[in-house]
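Have a look at the structure below, then the notes.
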Amino acid sequence: MNPPSRVSPIRMLLPGGLVLVAGCAMLDAGSPAFTLSQVEFAAPAGSGEPNLFATTDGRVVMSWLEKSGDKRHALRVAVRSGGEWGEAQTVAESEALFVNWADFPSILELPDGSWVVHWLEKTAASTYAYHVRVAVSKDKGATWSKPVTPHRDSSPTEHGFVSMAPWRDGVGLIWLDGRAMGAEEAADGGSGHEMPRGAMTIRFTTIGLDGSLGDEVLLDDRTCECCQTALTKTASGLVAAYRDRSEAEIRNIAITRLVDGQWTEPRHVADDNWYYPGCPVNGPSLSSAGDTVAIAWFTAPEQQPRVFAAFSTDGGASWSAPVRVDDGTPLGRVDIELLTDGSALVSWLETTERAEVRARRVRRDGRVDRSWLVAETSDARSSGFPRMVRVGEEIVFSWTIVGETGGVRVATARAGN
């Protein structure tokens with residue numbers, strides 16, 4: 001496969017200003033500008049589902065899916081180093097790859113330089129009968145280990161929405177597990193995701209570089225059926241975030257922490273009190289540095305959509321009051337990255353006359369900067385979930401352009417002084 005296409009960057013200044021943000025937080029009059037580059041990466045037409053991981057030495061590893069025939073799809077990865085993208089490599093390619101706009105692969109690099117990637121494979125004719133597969137490369141993607149399945153359950157039910165983080169000598173991962181739901185499917189009230197009846201669970205395990213599996217731990221026995229999860233490593237342990245689901249169909253964001261070898265009882269970040277008798281397909285995002293953790297999430301109580309962010313300085317044990325981030329008409333699909341000064345950058349989809357990937361800096365004292373446009377996109381499900389990572393003072397964004405000539409795109413932004 002040819003290297004991704006590159007375009008010379010064109011710098012656009014996005015100045016700060018003084019405005020009231022959706023009736024919530026006052027914008028900082030001294031907001032630094034961000035300079036945004038033009039698209040520097042274009043994956044083939046029909047590509048989608050991008051995901052990003054930033055290494056400690058300043059590289060970015062990206063995964064995505066693309067068509068490789070009428071029925072086949074391929075999982076590709078590429079590395080950005082020194083501002084240049086290398087040759088794309090294939091991790092897996094088959095008719096069995098499960099391709100879904102909301103449940104997509106991920107890749108990360110461990111401290112020893114090994115890569116770990118996860119993807120999903122269909123296991124039966126039922127729409128959402130698919131399992132998780134994980135493989136390791138010790139030579140930067142040149143070769144891959146035989147894939148393993150982290151969950152012990154082999155029922156033809158949903159296993160996905162995986163989040164991974166480096167942990168000890170391998171990787172820790174969480175996933176949504178539908179083994180208790182059975183194979184019978186029912187409509188979910190309009191979100192477009194058919195859900196089996198029963199209770200979705202969220203579970204955790206570890207995988208060593210030799211493919212060995214650690215103990216499987218049940219973290220919560222009743223969760224949202226198809227919202228993304230999040231997992232991050234702090235100085236104190238691991239923090240997992242997901243959308244909880246009460247018996248009364250209240251869907252708040254929950255946190256559980258791995259501390260001293262034990263997972264804590266789940267606690268809500270905030271009491272959104274969002275009643276929703278279906279899956280909103282809109283999960284949280286986490287970012288951490290030491291024991292500082294930032295979280296972003298979407299909620300819509302009383303049909304009032306909102307995007308919020310909050311901070312923790314004790315490894316996720318307690319959280320600040322939520323700060324509203326959106327511009328008034330968000331679709332969600334959030335991401336968050338801590339910046340070097342302790343503030344956080346939040347990205348999300350906003351819709352007015354058009355759909356846009358927007359970003360806004362949020363400070364730990366509750367002040368927010370002016371939001372700014374990352375890219376125009378679509379509100380269609382096929383536009384997926386925009387992703388971002390921080391490399392030093394640079395932010396790398398990825399998103400998907402819908403249409404026959406569209407596909408995965410990447411641009412970068414840099415904060416001003």
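The values are calculated or read from the model by the stated rules, or taken from the named source; none is laboratory data. Computed from a prediction, not measured in an experiment: that's the story for all the values here. Methodologically, a virtual Cβ is constructed for each residue, glycine included, from the backbone with ideal geometry; neighbour enumeration extends over all protein chains shown. SASA here: full protein model, heavy atoms, side chains in, ligands and nucleic acids out. Shrake-Rupley method; radii C 1.70, N 1.55, O 1.52, S 1.80 Å.
For this structure, a couple of remarks:
- Förster radius 45 Å - calculated FRET efficiency between ASP221 and GLN38 (Cβ-Cβ, nearest 0.05): 0.40
- Shape call, the chain: gyration tensor on alpha carbons, a/c limit 1.5: rounded
- Only Lys, Arg, Asp and Glu carry charge here, each on its Cβ (+1 for the first two, -1 for the last two); on that basis region 244-349 has a dipole of about 160 debye about its Cα centre.
- Region 362-401 and region 264-334 have their alpha-carbon centroids 16 Å apart.
- Approximate shape of region 258-417 as ellipsoid semi-axes (Cα gyration tensor, √5λ), whole Å, largest first: 25, 20, 15
- Mean separation of Cα contacts under 8 Å (6+ apart) over length of region 90-172, as relative contact order %: 27
- Modelled spin labels at ASP341 and SER382, positioned 7 Å past Cα toward Cβ, are 4.1 nm from each other.
- Shown is the FRET efficiency for ASP271 and THR149, computed with R0 = 30 Å from the Cβ-Cβ distance and rounded to the nearest 0.05: 0.25.
- Percent carbon-and-sulfur accessible area, region 232-387, ignoring ligands, DNA and RNA, probe 1.4 Å: 42
- Taking region 319-414 and dividing mean pair separation by its residue count, relative contact order in percent (alpha carbons under 8 Å, at least six apart): 20
- Shape of region 369-417 from the C-alpha gyration tensor: prolate (a/c of 1.5 or more and a/b above b/c, with a ≥ b ≥ c the square roots of its eigenvalues).
- Pairs of lysine residues in the chain that meet both criteria, 8 or more places apart or on different chains and Cα atoms under 21 Å apart, total 4.
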